[in-house]
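Colleague: The structure's right below; bear with me while I get my questions together.
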Amino acid sequence: MSNKLATPTSIKVMLVDDHPVVRDGYRHLLENTPDIRVVAEANDGEEACALYEQHMPNVVILDLSMPGIGGLEALRRIKAKDPAIHILVFSMHDSETLVLRSLEAGATGYLTKQGGVSQMVEAVRQVAQGKLFVDSKFVPDLMHHRLFATEDPLHALSTREFQIFQMLAEGHSVSDIAVMLSISPKTVGVHHANIMRKLRLQNAAQLVRLAIRCNVVKP
């Protein structure tokens, strides 16, 4: 963690990513700024939820693709603990759908790992003030979505259905999802059936292909 002297204006940051080398790079970048202090690091969503209550950061920088409950569920749980927390999603997924789902779940910002590192410091500063910060590459798509929202094939899914859709596409079983989300297998099964019906899918292979096409998971 940071050895910098805390000041009243320091932005306290928690990093959440399952790759230690990646976290190390983010930490060095942020620690080279005078007004940002990294106070905690987590390897997965469950650890992030536990460490959040211990350290109470101002901003959480959160990956989406992690073992266990994953980033979206961690986002939802942290926001449930503290609706005022500011969360910056920093993801490998270059997906308008995931941008929208992250913002709907309560994120204040979204950057991609492909090009967002150079914007991270400014994004943290903006998000810490409660200002929305989204990678500029997504702005045209988001404007298009506001005009033509029904064109998104996943638009019909609820937040929980989308979450389970993503986990199924990543290869998790119904029983695994039930454990990770702390709900019953029967409830997951009901959501699974609704997902297949709403998206007019016949089998798991079609579900995975749709997730890949929408950039929800990587091939």
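FYI, it's all coordinate maths here, none of it is from the lab. Nothing here was measured: the structure is a model prediction, and the numbers come from that model. In this analysis, Cβ positions are derived from the backbone assuming ideal geometry, glycine residues included, and neighbour counts consider all displayed protein chains.
Colleague: Which order do the peptides 161-173, 28-40 take when ranked by the mean count of other beta-carbon atoms within 10 Å per residue, highest first?
Modeller: With the highest mean Cβ count within 10 Å placed first, the list reads 161-173, 28-40.
Colleague: Treating the angle as unsigned and between 0 and 90°, give the value, to the nearest 10°, between the Cα long axis of helix 45-55 and the longest Cα principal axis of the chain.
Modeller: The two axes meet at around 30 degrees.
Colleague: Also: Tell me, in nm to one decimal, what length is gained between ARG197 and SER65 on full extension, where the rule is 0.36 nm per residue of separation less the Cα-Cα distance?
Modeller: 44.9 nm
Colleague: Which whole-number percent of Cα pairs in the chain have a distance greater than 28 Å?
Modeller: 28
Colleague: In addition: With unit charges on the beta carbons (Lys and Arg positive, Asp and Glu negative) and the dipole taken about the Cα centre of the chain, which residue among VAL39, LEU181, THR159 sits farthest to the positive side?
Modeller: THR159
Colleague: Would you mind counting up the charge near ALA50? Only other residues with Cβ under 11 Å from its Cβ, with Lys and Arg at +1 and Asp and Glu at -1.
Modeller: In short, -2.
Colleague: Looking at this model, which pairs from LYS81/LYS131; LYS131/LYS198; LYS113/LYS137; LYS113/LYS218 are more than 23 angstrom apart at the alpha-carbon?
Modeller: LYS131/LYS198
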